[in-house]
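The values are calculated or read from the model by the stated rules, or taken from the named source; none is laboratory data. All values reported here derive from a predicted model rather than from experimental measurement. In this analysis, Cβ positions are derived from the backbone assuming ideal geometry, glycine residues included, and neighbour counts consider all displayed protein chains.
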There are 6 protein chains.
Amino acid sequence: MITAVYPGSFDPCTNGHLDIIIRSSKIFDKLIVAVLSNSGKTPVFSVDERMEFLRIVTKKLPNVEIDSFSGLLAEYTKACGASVIIKGLRAVSDFEYEFQMSLINTKLNPKVETLFMTASTHNMYLSSSLVKEIAVLGGALDGMVPEEIQSSIYDKLRR
Amino acid sequence: MITAVYPGSFDPCTNGHLDIIIRSSKIFDKLIVAVLSNSGKTPVFSVDERMEFLRIVTKKLPNVEIDSFSGLLAEYTKACGASVIIKGLRAVSDFEYEFQMSLINTKLNPKVETLFMTASTHNMYLSSSLVKEIAVLGGALDGMVPEEIQSSIYDKLRR
Amino acid sequence: MITAVYPGSFDPCTNGHLDIIIRSSKIFDKLIVAVLSNSGKTPVFSVDERMEFLRIVTKKLPNVEIDSFSGLLAEYTKACGASVIIKGLRAVSDFEYEFQMSLINTKLNPKVETLFMTASTHNMYLSSSLVKEIAVLGGALDGMVPEEIQSSIYDKLRR
Amino acid sequence: MITAVYPGSFDPCTNGHLDIIIRSSKIFDKLIVAVLSNSGKTPVFSVDERMEFLRIVTKKLPNVEIDSFSGLLAEYTKACGASVIIKGLRAVSDFEYEFQMSLINTKLNPKVETLFMTASTHNMYLSSSLVKEIAVLGGALDGMVPEEIQSSIYDKLRR
Amino acid sequence: MITAVYPGSFDPCTNGHLDIIIRSSKIFDKLIVAVLSNSGKTPVFSVDERMEFLRIVTKKLPNVEIDSFSGLLAEYTKACGASVIIKGLRAVSDFEYEFQMSLINTKLNPKVETLFMTASTHNMYLSSSLVKEIAVLGGALDGMVPEEIQSSIYDKLRR
Amino acid sequence: MITAVYPGSFDPCTNGHLDIIIRSSKIFDKLIVAVLSNSGKTPVFSVDERMEFLRIVTKKLPNVEIDSFSGLLAEYTKACGASVIIKGLRAVSDFEYEFQMSLINTKLNPKVETLFMTASTHNMYLSSSLVKEIAVLGGALDGMVPEEIQSSIYDKLRR
């Protein structure tokens, strides 16, 4: 049985994240979406809010589990018995950073492999920070975040 | 059961290819290493020679199968029931081409996902064409191709 | 009045090319789609065939003209009084080459500017060579080339 | 009549910005240089100072207008009837970010196109932050910012 | 006699830095490792601590000198009579920034050349910020920073 | 004494090559410009013609020597006692290829380091193939190749 971890800030999760989740969940026996709680940047949504959003949008995916972690990702993958880290790639600049992170993660936990999946083309312009910027300025989020969580995002962010 | 295909020219296979094969074979139930036989570039080694090299270097990996294909990779993945294509990435320029190919492959076969794996750092300088260039010029191939096939490569290429 | 030139091999034109043509034709008074006839690579379609394809797919765009040229693009832009060269960008590797070409074109004709337009996301995987490869192997071209020219492409390329 | 918007922080404007302004103003009927006033980063110069600098250096360009905006660029382009956004590119990393922004801007305002112009080679090393860093440390700004505004920049920044 | 300067934050120095120092010291008559003291980012280690770390790890290299500087690198190279700036490259994104800096440095001091050296493959994942992140979280630093300074780094950073 | 090798096809040498030669010759005791004679691509100019061009344009540089080599660059650097390979970089795509070559060269000759130098901005658009393309089409080569060899290039290439 192969367990994969999809780590991230998910602040908030976007259609791009959801796309990676759906596609990965078909390949691996179990997919843990793991919200990073010790990121340097101050998040807009709390870990609980981010996990709740993820639970709402993945509720029809039986082999997807929502969790959070702090500390080193490599340690977290050891603790939950994952042998795969899934990362989405949108652009070359994503790739370079993720490349370096995959090297360090395999150094710290030789039993884990990082596998990369490219974003679907219609999600290539999406990022959590873009979503927040648009929401703050009152722009439309249709097609950018799952419908079920749009109003919660607006409630928190719209000026 | 998840079957993954690792397609390529493998003309000849290098330690970089072998590294991807070993690491992928631990993740998927079955890994088919598929030698492309209709590539535009004229290969130095025949499809049979390339498959034989792969069989020699993977003989201890029970869930790895060696095959060849011509035509569209997307069609081949349909035919063998694979839901994953594995590609190794060494550099940003690899990434852009592979990114486009993954989009087209998913368009032609929506049931297949391309997953990318980064080359190990000590294999980052390796490519089949570099190996051939060095062999032709009489340079040492140690650490570049599996030991078992080094002399066969020299026999064919050394001037 | 601003005349723009959109140069290329168009061997054959794809939906990606058509998208750039439609979008550019809204911005400039006149758009000349200019088929390069002295390219080093041997084209599959003749200059006449390529121009005919372009005429068919742009017949509803009154300010678009189809032409061909040989020699330096900078000289051609002088001859037709164009002050803008339009180029589509799909990826970083496109960008670097086009960047160098824009520098040389402005050096050879200081009155011409190169403006870049990004491909629409659903066309990012498209290229003329990919279209030819798929057609040769009998894959479906839907969504990749304009419908009106699909059968002509198949007739020439399908094995 | 085509109106183009050239948006940016212009904190302060450099010879690189001025070069893009001059070249764009020859192509479009009207060019609005639009100073962004709600940027996350705290600017060194106020919106008024930045607009004043731009007015000084563009005073000989009759079809160039200086304005400021807050909120979404896509909304601003709707409000001022612009059908083109002009962006300068210096490097690949610029390109990726601008590529994503052009996708989102066309999504939010389908009537606007982003056109990219490459920086002139002698301006490729220029950026507002570099200019500020050099001014703070007392380095020479010749060739980096228009002469007319050099002393104002020194006055504010030199330690 | 050629003096080279290897500038950086070295907060703290890593095996990647040490590798560049050792390799450069074989090429140039004198190598000055120059700690930048006016960087915008707040360093974790003081200039004195960073210089002390560098002195410890380079004590067997007779032609290496440790120094610090504030202000413009171009001015510093003039002051110490250096004709070469050495920079290590790990990735494409490093390259673009360093490329721009080399242009500006040669503009400000035409007598200095920037030479780039690629990181050894086993150091490609290394950066000072990664080292600090791992140390804070209690991960192992073996192979990432020279042994002689590991405990000092842990003392300061481990929570 | 440090000997550096600047290898290349130099088919023909451009102002970009000459710029790297002049700048490198100031840093190293001896600079060998080494014309590659076993390149896969068929050159337009013979090794003798290319060496003659280089001799003409470097005749005022006393520590520059013109040579040719076939086979592996790493072997050549051993044979001539060079401890440095100099490469010019124009763009990110150059960088990736050169990065891989520097890794392989250090693997084959651990005593040699590759140092990279960025092209001057006004030479960034230059390449030997561009020069040949322009010459064939009758465009002006001013500022692209040294004056002394322009007529020889035209004689061979102009249609």
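Tell me which of these B:Glu75 doesn't satisfy, since it passes every other one: (1) over 23 Å from A:Phe116 (Cβ atoms); (2) more than 9 Å from every other protein chain (Cβ to nearest Cβ).
Result: B:Glu75 fails condition (2) only.
Can you name the residue in segment B:3-23 that is assigned to a loop (DSSP other than H, G, I, E, B) and more than 8 Å from the chain's Cα centre (by Cα) and, of all such residues, is farthest from B:Leu61 (Cα to Cα)?
Only one residue tops the list, namely B:Asp11.
With respect to B:Asp11, determine if the residue is in contact with a Pro (Cβ under 6 Å, 6 or more places away or on another chain) and more than 30 Å from C:Leu89 (Cβ to Cβ).
Here the answer is yes, as B:Asp11 does meet what is asked.
Which residues, taken from segment C:40-72, are over 13 Å from the mean Cα position of the chain (by Cα) and β-branched (Val, Ile, Thr)?
C:Thr42, C:Val44, C:Ile56
Here are the criteria: (1) within 28 Å of F:Lys111 (Cβ to Cβ); (2) of a type in the set (A, V, I, L, M, F, W, C); (3) in contact with a helix residue (DSSP H, G or I) (Cβ under 8 Å, 6 or more places away or on another chain). Tell me which single one E:Phe53 does not satisfy.
(1)
Need the failing condition index for F:Ser70 against (1) surrounded by fewer than 17 Cβ atoms within 10 Å (Cβ to Cβ); (2) of a type in the set (S, T, N, Q); (3) more than 9 Å from every other protein chain (Cβ to nearest Cβ), just the number.
Every condition holds for F:Ser70 apart from (3).
Could you tell me whether any residue of segment E:95-110 is among the small types (Gly, Ala, Ser), in contact with a Ser or Thr (Cβ under 7 Å, 6 or more places away or on another chain) and at pLDDT below 90?
yes
Can you tell me how many residues in segment D:103-120 are within 14 Å of chain E (Cβ to nearest Cβ) and within 14 Å of C:Leu115 (Cβ to Cβ)?
Residues that pass the stated criteria total 1.
If I filter segment A:1-23 down to residues being of a type in the set (Ser, Thr, Tyr) and closer than 22 Å to A:Glu133 by Cβ, which single residue comes out as surrounded by the most Cβ atoms within 10 Å (Cβ to Cβ)?
Among them, the one singled out is A:Thr14.
Taking segment A:67-79, which residues are of a type outside the set (A, V, I, L, M) and modelled with pLDDT under 95?
The answer is A:Ser70, A:Gly71, A:Glu75.
Do any helices (runs of 4 or more DSSP H) lying entirely in segment E:70-153 carry at least 1 residues that are of a type in the set (Phe, Trp, Tyr), and which ones are they?
Qualifying helices (runs of 4 or more DSSP H): E:73-79, E:92-108.
Filter segment A:80-111 down to residues that are among the β-branched types (Val, Ile, Thr) and in contact (Cβ under 8 Å) with a residue 60 or more places away in the chain and give me whichever is farthest from D:Met101 (Cα to Cα).
Selected residue: A:Val84.
Please determine, by comparing only the residues of segment F:121-130 that are polar (S, T, N, Q) and under 25 Å from F:Leu73 (Cα atoms), which one is nearest to the other protein chains (Cβ to nearest Cβ).
F:Ser127
Among the numbered criteria (1) in a helix (DSSP H, G or I); (2) under 17 Å from the mean Cα position of the chain (by Cα); (3) in contact (Cβ under 8 Å) with a residue 12 or more places away in the chain; (4) away from chain E (no Cβ under 14 Å), which single criterion is violated by A:Lys156?
(2)
Inside segment B:84-102, can you point out the residues that are surrounded by fewer than 22 Cβ atoms within 10 Å (Cβ to Cβ), of a type outside the set (Ser, Thr, Tyr) and either at the interface with chain C (Cβ under 9 Å from one of its Cβ atoms) or over 21 Å from A:Gly88 (Cα atoms) (or both)?
Across segment B:84-102, the qualifying residues are B:Glu96, B:Gln100, B:Met101.
Which count do you get for residues in segment F:136-145 that are in contact (Cβ under 8 Å) with a residue 60 or more places away in the chain and either touching a strand residue (DSSP E or B) at 6+ places or on another chain (Cβ under 8 Å) or at the interface with another protein chain (Cβ under 8 Å from one of its Cβ atoms) (or both)?
Residues flagged as in contact (Cβ under 8 Å) with a residue 60 or more places away in the chain and either touching a strand residue (DSSP E or B) at 6+ places or on another chain (Cβ under 8 Å) or at the interface with another protein chain (Cβ under 8 Å from one of its Cβ atoms) (or both) within segment F:136-145 amount to 1.
Would you confirm whether or not segment C:49-63 contains a residue that is within 14 Å of chain F (Cβ to nearest Cβ) and either surrounded by 19 or more Cβ atoms within 10 Å (Cβ to Cβ) or small (Gly, Ala, Ser) (or both)?
Within segment C:49-63, not a single residue is within 14 Å of chain F (Cβ to nearest Cβ) and either surrounded by 19 or more Cβ atoms within 10 Å (Cβ to Cβ) or small (Gly, Ala, Ser) (or both).
Name every residue in segment C:142-159 that is modelled with pLDDT of 90 or more and buried (at least 16 other Cβ atoms within 10 Å of the Cβ), in order of residue number.
Selection gives C:Met144, C:Val145, C:Pro146, C:Ile149, C:Gln150, C:Ser152, C:Ile153.
So which residues in segment A:103-131 are of a type in the set (D, E, K, R) and either more than 23 Å from A:Ile22 (Cβ to Cβ) or surrounded by fewer than 20 Cβ atoms within 10 Å (Cβ to Cβ) (or both), if there are any at all?
Matches in segment A:103-131: A:Lys107, A:Lys111.
Name the single residue that is nearest to the other protein chains (Cβ to nearest Cβ) among those in segment B:17-48 being more than 30 Å from A:Asn109 (Cβ to Cβ) and without any contact (Cβ under 8 Å) to a residue 12 or more places away in the chain.
B:Gly40
Which residue, of C:Glu133, C:Glu148, is over 28 Å from A:Tyr125 (Cα atoms), more than 14 Å from chain F (Cβ to nearest Cβ), touching a residue at least 60 places away in the same chain (Cβ under 8 Å) and not aliphatic (A, V, I, L, M)?
Exactly one residue qualifies, and that residue is C:Glu148.
Does A:Gly81 count as surrounded by fewer than 21 Cβ atoms within 10 Å (Cβ to Cβ), of a type outside the set (Ser, Thr, Tyr) and either within 14 Å of chain E (Cβ to nearest Cβ) or over 30 Å from E:Leu141 (Cα atoms) (or both)?
Taking the combined requirement at face value, the residue does not satisfy it.
Can you name every residue in segment D:24-45 that is surrounded by fewer than 19 Cβ atoms within 10 Å (Cβ to Cβ) and either assigned to a helix (DSSP H, G or I) or modelled with pLDDT of 95 or more (or both)?
The answer is D:Lys26, D:Asp29, D:Lys30.
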